[in-house]
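Undergrad: The following block contains the structure, expressed as structure tokens.
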Amino acid sequence: MSNKVVLAYSGGVDTSVAVKWLREKYNMDVIALTIDVGNEPDFTFIKQKALNMGAIKAVVVDAKKDYVNRFVFPALQANALYEGKYPLATALGRPLMAEIMVKVARKEGATAIAHGSTAKGNDQVRFDVGINTLAPDLKIIGVAREWGMTRDETIAYAKRHNIPLPVTAKSPYSIDVALWGRSCECGAMEDPWIEPPEDAFAWTKSPQETPDKPCYVEIEFLKGIPVSINGKKMNGIKLIQTLNALGGEHGVGRIDMIEDRLVGIKSRETYEAPAAIMLIKAHQDLESMVLSKEQIRFSNSVSMAYSNLIYEGLWYTSHRQDLDAYIKSTQRYVTGVIKIKLHKGTCTVVGRKSTYSLYKFNLATYDKGDMFDPADSASFIRLWGLSAKTQVQTHKDEWEKENKSGYIIE
């Protein structure tokens, strides 16, 4: 085998420098691999730039379809939100990227894979664990971890070696983009007291700039997967793109949170995820209509476990497969239409319908047509409270100690 390394190449500051650095440090031929998960409209410039930097080959892989169908939609069915807020857009793309990097490395006869993830970030874990799991024989080079340069030092290195920098090098932010969401950190936002400046957002309008008239959107689901918007069928990629544009126009999808990173530090993160927020909210509401109370309660714990393993880079595990099996089973009847209202940065479910609805009008209504028998309630309540009544009456002394009002239980 020749001394080749596959570099996960984005065209940003770090990976642009990495092409030169890998040749200088390891004397390796660099194959620049760019993976499209909805992060760029055109990769022609990025591909040519990699070649100009000295890469022996530049490969672009369109992975949007796999990203949506194999990663995003299963996460949607699980209502996956890390710490209840983050839809995991970046985290969902990393195991797919690791898989593709391994495939390209095998095809090209490379002995190593390199990436530009920082030592403080989560992506280094996701990449390394994924690659090690799928191809433990391949060497992993974390270029940003190894060179130990600050961002200013990295830019200085690029200037010394005549490496052209992208316009984003002037930005104080670190940005990652995928179909399911956009992340933005660093700069002024490292102070958690400061409100995120408007230039940190690119997908969503501020509430002040949004239309005064609310927008209503109907989203149809088939077994937990969104299949149409306002009655128009479309594939997953187009559907997410459409909702991102529509939600962004109305300021929906901004997230500002303190996040617990896997490496043990807290970080301030901002995200834009219009489609993700709209779809997860709609999906949760449809589940509330067609699933039982017990299913929903247990699914909430599964959702947390699923979100955590995605965030922590454990996609390629039997635990994830087992959770997938349960989640898929719960989606058998998650079919119907949800109507949401977008207005001034808010997304509200205002209507829902399903052939499999467990909501029955003749049981819920207080008006004519009510078929609920009130005589059943008194007996039900006596049985429901029987264990509580038995315990308190048997253990009177303990309850008398707790009672601060002075009343005696008899």
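Undergrad: Can you give me the number of residues within region 352-379 that are assigned to a helix (DSSP H, G or I) and of a type in the set (Gly, Ala, Ser)?
TA: Within region 352-379, residues that are assigned to a helix (DSSP H, G or I) and of a type in the set (Gly, Ala, Ser) number 5.
Undergrad: Checking residue 85 against (1) of a type in the set (D, E, K, R); (2) surrounded by 19 or more Cβ atoms within 10 Å (Cβ to Cβ); (3) within 13 Å of the chain's Cα centre (by Cα), which single condition isn't satisfied?
TA: Going through the list (1) of a type in the set (D, E, K, R); (2) surrounded by 19 or more Cβ atoms within 10 Å (Cβ to Cβ); (3) within 13 Å of the chain's Cα centre (by Cα), residue 85 breaks only (2).
Undergrad: Of the numbered conditions (1) assigned to a strand (DSSP E or B); (2) not assigned by TED's automatic domain parsing to the domain that holds residue 221, residue 340 satisfies every one except a single condition; which is it?
TA: Among (1) assigned to a strand (DSSP E or B); (2) not assigned by TED's automatic domain parsing to the domain that holds residue 221, the lone unmet condition for residue 340 is (2).
Undergrad: Considering every residue within region 256-270, establish whether at least one is closer than 17 Å to residue 340 by Cβ and touching a strand residue (DSSP E or B) at 6+ places or on another chain (Cβ under 8 Å).
TA: The answer is no, given that none of the residues of region 256-270 is closer than 17 Å to residue 340 by Cβ and touching a strand residue (DSSP E or B) at 6+ places or on another chain (Cβ under 8 Å).
Undergrad: With the condition kept exactly as written, say whether any residue in region 77-89 is modelled with pLDDT under 95 and either assigned by TED's automatic domain parsing to the domain that holds residue 328 or aromatic (Phe, Trp, Tyr) (or both).
TA: Checked against the condition, which is being modelled with pLDDT under 95 and either assigned by TED's automatic domain parsing to the domain that holds residue 328 or aromatic (Phe, Trp, Tyr) (or both), region 77-89 yields no hits at all.
Undergrad: With respect to residue 174, determine if the residue is without any contact (Cβ under 8 Å) to a residue 24 or more places away in the chain, touching a Cys at 6+ places or on another chain (Cβ under 6 Å) and either farther than 28 Å from residue 68 by Cα or not charged (D, E, K, R) (or both). Don't jump to the end; show me each part of the working.
TA: On the way: without any contact (Cβ under 8 Å) to a residue 24 or more places away in the chain: yes; touching a Cys at 6+ places or on another chain (Cβ under 6 Å): yes; either farther than 28 Å from residue 68 by Cα or not charged (D, E, K, R) (or both): yes.
Yes.
Undergrad: Those residues that are of a type in the set (Gly, Ala, Ser) and without any contact (Cβ under 8 Å) to a residue 40 or more places away in the chain, I need them from region 184-234; list them, please.
TA: Within region 184-234, 187, 188, 228, 231 meet the criteria.
Undergrad: For residue 147, state whether it is surrounded by 14 or more Cβ atoms within 10 Å (Cβ to Cβ) and closer than 28 Å to residue 111 by Cβ.
TA: yes
Undergrad: For the subset of region 306-336 comprising residues that are over 20 Å from the mean Cα position of the chain (by Cα) and surrounded by fewer than 17 Cβ atoms within 10 Å (Cβ to Cβ), which member is nearest to residue 120 (Cα to Cα)?
TA: This residue is 318.
Undergrad: Go through the residues of region 47-62 one by one and say whether even a single one is over 23 Å from residue 111 (Cα atoms) and aliphatic (A, V, I, L, M).
TA: Checked against the condition, which is being over 23 Å from residue 111 (Cα atoms) and aliphatic (A, V, I, L, M), region 47-62 yields no hits at all.
Undergrad: Given the condition assigned to a helix (DSSP H, G or I), surrounded by 10 or more Cβ atoms within 10 Å (Cβ to Cβ), among the polar types (S, T, N, Q) and under 22 Å from the mean Cα position of the chain (by Cα), answer yes or no: does some residue in region 389-406 qualify?
TA: No.
Undergrad: So, of the residues in region 41-57 that are β-branched (Val, Ile, Thr) and surrounded by fewer than 19 Cβ atoms within 10 Å (Cβ to Cβ), which turns out to be modelled with the highest pLDDT?
TA: Among residues in region 41-57 that are β-branched (Val, Ile, Thr) and surrounded by fewer than 19 Cβ atoms within 10 Å (Cβ to Cβ), the one modelled with the highest pLDDT is 56.
Undergrad: Taking the conditions exactly as written (closer than 30 Å to residue 205 by Cα and not β-branched (Val, Ile, Thr)), does residue 369 satisfy them or not?
TA: no
The values are calculated or read from the model by the stated rules, or taken from the named source; none is laboratory data. Bear in mind that the values here come from a model prediction, so they are computed numbers and not experimental data. When we count neighbours, we look across all protein chains shown, and the Cβ atoms used for this are built from the backbone with ideal geometry, even at glycine.
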